[in-house]
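Peer 1: Provided herewith is a single structure, encoded as structure tokens, for subsequent inquiry.
The values are calculated or read from the model by the stated rules, or taken from the named source; none is laboratory data. Being a predicted model, the structure only gives us computed values, none of them experimental. A quick note on method: Cβ atoms are made from the backbone with ideal geometry, for glycine too, and the neighbour counts reach across all protein chains shown. To get the accessible areas, we keep the full protein, side chains included, count just its heavy atoms, and leave off ligands, DNA and RNA. Shrake-Rupley method; radii C 1.70, N 1.55, O 1.52, S 1.80 Å.
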Amino acid sequence: MGLKATSDIKPQGRGEKFFSVIIAVKGEDRETIKGLIDNLSSLDYRNYEVIIVSDDDETHFKQIFGDFTLPKNFRIFRRDNPKGGKAGALNFACSKGIGDYFVFLDADARVDKEFLKRLNKKDFNAAAFKISIYGVETELQKYYRDFTDKVMISLFRGRSSLGLPIFPNGSAFSIKRDTLWNVGMWKEGVIAEDLELGIRLFLKGVKVEYFHDITVLSKAPYTLHDLFKQIERWSYGSSQILLLSLKMLGKGFKGVEGFIYAQQWGIYPLFLLTLLFFNGIEFLLGINQSILLLPLIIYGVSTAAYALSLGQKEGDFSIVVTIINASTSGYWKGLLKIPYKWRVTPKQRREEESQKSSFKELSIFLFSFINSLYGYWLSSLILLGLAIMESLA
């Protein structure tokens, strides 16, 4: 179902690349979509089209898009049979696009008027862009903005300068049409479709460039609950493609580093989970207490150094615990193949929802108590501290 079909769109010459800007949407609000259309219709560039694909039901689709007046180079479709999740919607949009290059954005993405002009000057097969957070209102969003800035400098700009593989972010990514076709399009049915595509590009020897001078603005979650769901989704998607990630290990040092990047959401909490496990059953293992003290010191020092590098405040403590819990939850749900229902991360002001798990806190308290009964005071104190961290967050 297409809201507007404009098969007469033609490139305007002047030696410019023709871009098909593609956005897949589901469950977005009218204000976000209106802002998206206003933003993309004001680009100072001639050779582009915008294709928006909605996987919403017909009622919501009409509520959001029903009376929009669209520029002639815009097309909006609703899929009657939304197979393959977001990746399926992206493949559908690509089949409708006429551009030699695709640009993929999220519904809340915003770019400046020179965005496509600057991209036109670049030589690339695939490219990732700098992401910056806009519309910051809450302390959580400030943290998320600062965290994103660090990520773009270290995990993108820094790794790019070292010649390490760059993996695309689906909310700020461009790729040549022929390149996407040659690697088999987007993998339908996976949660982290952008990371999955990035791994296949790496395995096939296609370099993803990183352009730090081209920025895409994005919004941050308002609440810890929404942050939890977003990180959980990323982590679930990462675990889904574990076997594909393992293939990178055969590509030398860059492949090993790429594997670590692709599986970071499983690796992040691994140290803490291991520490928690061995301390929890210390009353059964009887390990020398000093052996447990060393990893605790390493973990504490590295965490403190990381917090200082981000300029974290005491109020950020709950955010860090939320990220650890979400990455652990999502990754294991993915490994165990527990069905996951995708949801858009709300980016509007809303009330906080609780996602606390008293069962987990009580379990850690229980093991702390058992270890104290057996005289393993260090393990007991470590577990007690972790339980308090969970309760405070």
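Peer 1: With respect to ILE76, determine if the residue is farther than 30 Å from SER318 by Cα, outside any helix (DSSP H, G or I) and open to solvent by less than 50 Å² (accessible area, probe 1.4 Å). Steps first, please.
Peer 2: Numbers: farther than 30 Å from SER318 by Cα: yes; outside any helix (DSSP H, G or I): yes; open to solvent by less than 50 Å² (accessible area, probe 1.4 Å): yes.
Against the criterion (farther than 30 Å from SER318 by Cα, outside any helix (DSSP H, G or I) and open to solvent by less than 50 Å² (accessible area, probe 1.4 Å)), ILE76 qualifies.
Peer 1: Could you check segment 43-83 and list, in sequence order, the residues that are among the polar types (S, T, N, Q) and over 21 Å from GLY15 (Cα atoms)? If you could, list the steps in order and put the result at the bottom.
Peer 2: Kept after step one, since they are among the polar types (S, T, N, Q), are these residues of segment 43-83: 47, 54, 59, 63, 69, 73, 81.
If the condition is that a residue be among the polar types (S, T, N, Q) and over 21 Å from GLY15 (Cα atoms), then SER54, THR59, GLN63, THR69, ASN81 are the ones that fit.
Peer 1: Could you tell me whether any residue of segment 332-348 is at pLDDT 65 or above, open to solvent by 80 Å² or more (accessible area, probe 1.4 Å), in a helix (DSSP H, G or I) and of a type in the set (Phe, Trp, Tyr)?
Peer 2: Yes, that holds for at least one residue.
Peer 1: Can you tell me how many residues in segment 351-393 are modelled with pLDDT of 65 or more, open to solvent by 70 Å² or more (accessible area, probe 1.4 Å) and not in a helix (DSSP H, G or I)?
Peer 2: Residues in segment 351-393 being modelled with pLDDT of 65 or more, open to solvent by 70 Å² or more (accessible area, probe 1.4 Å) and not in a helix (DSSP H, G or I): 1 in total.
Peer 1: Please verify whether SER154 is at pLDDT 95 or above and either crowded, with 21+ Cβ neighbours inside 10 Å or within 24 Å of VAL111 (Cα to Cα) (or both), treating the condition exactly as stated. Quick ask: steps written out before the conclusion?
Peer 2: Numbers: at pLDDT 95 or above: no; either crowded, with 21+ Cβ neighbours inside 10 Å or within 24 Å of VAL111 (Cα to Cα) (or both): yes.
It is false that SER154 is at pLDDT 95 or above and either crowded, with 21+ Cβ neighbours inside 10 Å or within 24 Å of VAL111 (Cα to Cα) (or both).
Peer 1: Report yes if some residue within segment 49-62 is aromatic (Phe, Trp, Tyr), at pLDDT 90 or above and in contact with a Ser or Thr (Cβ under 9 Å, 6 or more places away or on another chain); otherwise report no. Give the derivation first.
Peer 2: At the first step, the residues of segment 49-62 found to be aromatic (Phe, Trp, Tyr) are 61.
Right, trim to at pLDDT 90 or above and you get none.
Looking through segment 49-62, none of the residues is aromatic (Phe, Trp, Tyr), at pLDDT 90 or above and in contact with a Ser or Thr (Cβ under 9 Å, 6 or more places away or on another chain).
Peer 1: Sticking with this one: Is it the case, given these coordinates, that ALA326 is of a type in the set (A, V, I, L, M), open to solvent by less than 70 Å² (accessible area, probe 1.4 Å), under 28 Å from HIS225 (Cα atoms) and modelled with pLDDT under 75? It would help to see each step written out before you state the result.
Peer 2: Values: of a type in the set (A, V, I, L, M): yes; open to solvent by less than 70 Å² (accessible area, probe 1.4 Å): yes; under 28 Å from HIS225 (Cα atoms): yes; modelled with pLDDT under 75: no.
Here the answer is no, as ALA326 does not meet what is asked.
Peer 1: Which count do you get for residues in segment 94-115 that are surrounded by fewer than 16 Cβ atoms within 10 Å (Cβ to Cβ) and either without any contact (Cβ under 8 Å) to a residue 60 or more places away in the chain or in a helix (DSSP H, G or I) (or both)?
Peer 2: Going through segment 94-115 one residue at a time, the tally reaches 1.
Peer 1: Taking segment 17-36 on its own, how many of its residues are at pLDDT 95 or above and β-branched (Val, Ile, Thr)?
Peer 2: Number of matching residues: 3.
Peer 1: For LEU285, all conditions in the list (1) within 17 Å of LEU383 (Cβ to Cβ); (2) at pLDDT below 75 hold save one; what is the number of the exception?
Peer 2: The number of the failed condition is (2).
Per-residue answers, yes or no, for (1) within 23 Å of the chain's Cα centre (by Cα); (2) among the hydrophobic types (A, V, I, L, M, F, W, C); (3) modelled with pLDDT under 95:
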position: PHE68; (1), (2), (3): no, yes, yes
position: LYS86; (1), (2), (3): yes, no, yes
position: ASN91; (1), (2), (3): yes, no, no
position: GLY97; (1), (2), (3): no, no, no
position: PHE104; (1), (2), (3): yes, yes, no
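Peer 1: Looking at LYS251, LYS313, LYS247, can you tell me which residue is of a type in the set (D, E, K, R), open to solvent by 20 Å² or more (accessible area, probe 1.4 Å), modelled with pLDDT under 90 and out of contact with any Lys or Arg (no Cβ under 8 Å at 6 or more places or on another chain)?
Peer 2: So the residue among LYS251, LYS313, LYS247 that is of a type in the set (D, E, K, R), open to solvent by 20 Å² or more (accessible area, probe 1.4 Å), modelled with pLDDT under 90 and out of contact with any Lys or Arg (no Cβ under 8 Å at 6 or more places or on another chain) is LYS313.
Peer 1: Across segment 217-240, which residue is nearest to TYR340 (Cα to Cα) among those that are open to solvent by less than 10 Å² (accessible area, probe 1.4 Å) and aliphatic (A, V, I, L, M)?
Peer 2: Per the criteria, the residue is ILE231.
Peer 1: Can you spot a residue in segment 3-16 that is under 25 Å from the mean Cα position of the chain (by Cα), in a loop (DSSP other than H, G, I, E, B) and either among the aliphatic types (A, V, I, L, M) or modelled with pLDDT under 90 (or both)?
Peer 2: No, segment 3-16 has no match at all.
Peer 1: So the check is Cβ under 9 Å with 6+ separation or different chains; which pairs have a first residue in segment 161-179 that's more than 15 Å from PHE211 (Cβ to Cβ) and a second one that's surrounded by fewer than 16 Cβ atoms within 10 Å (Cβ to Cβ)?
Peer 2: GLY163/LYS254; LEU164/GLY158; LEU164/PHE253; LEU164/LYS254; PRO165/LYS207; PRO165/LYS254; ARG177/ASP100; ASP178/ASP100
Peer 1: Write out, first by first residue and then by second, each pair whose Cβ atoms fall under 7 Å of each other, whose residues are 6+ apart or on separate chains, and whose first residue, in segment 212-226, is in contact (Cβ under 8 Å) with a residue 40 or more places away in the chain while the second is buried (at least 21 other Cβ atoms within 10 Å of the Cβ) and part of a strand (DSSP E or B).
Peer 2: ILE214/PHE129; THR215/PHE129; VAL216/LEU105; VAL216/PHE129; VAL216/ALA172
Peer 1: Something else about it: In segment 244-256, what residues are closer than 21 Å to GLY170 by Cα and out of contact with any helix residue (DSSP H, G or I) (no Cβ under 8 Å at 6 or more places or on another chain)?
Peer 2: none
Peer 1: What's the total number of residues in segment 260-282 that are in contact with a helix residue (DSSP H, G or I) (Cβ under 6 Å, 6 or more places away or on another chain) and at pLDDT 80 or above?
Peer 2: Summing the residues that are in contact with a helix residue (DSSP H, G or I) (Cβ under 6 Å, 6 or more places away or on another chain) and at pLDDT 80 or above in segment 260-282 gives 4.
Peer 1: Out of segment 195-209, which residues are in contact with a Pro (Cβ under 7 Å, 6 or more places away or on another chain) and open to solvent by less than 30 Å² (accessible area, probe 1.4 Å)? It would help to see each step written out before you state the result.
Peer 2: Residues of segment 195-209 that are in contact with a Pro (Cβ under 7 Å, 6 or more places away or on another chain), as a first pass: 197-198, 202, 208.
Result: LEU197, GLY198, VAL208.
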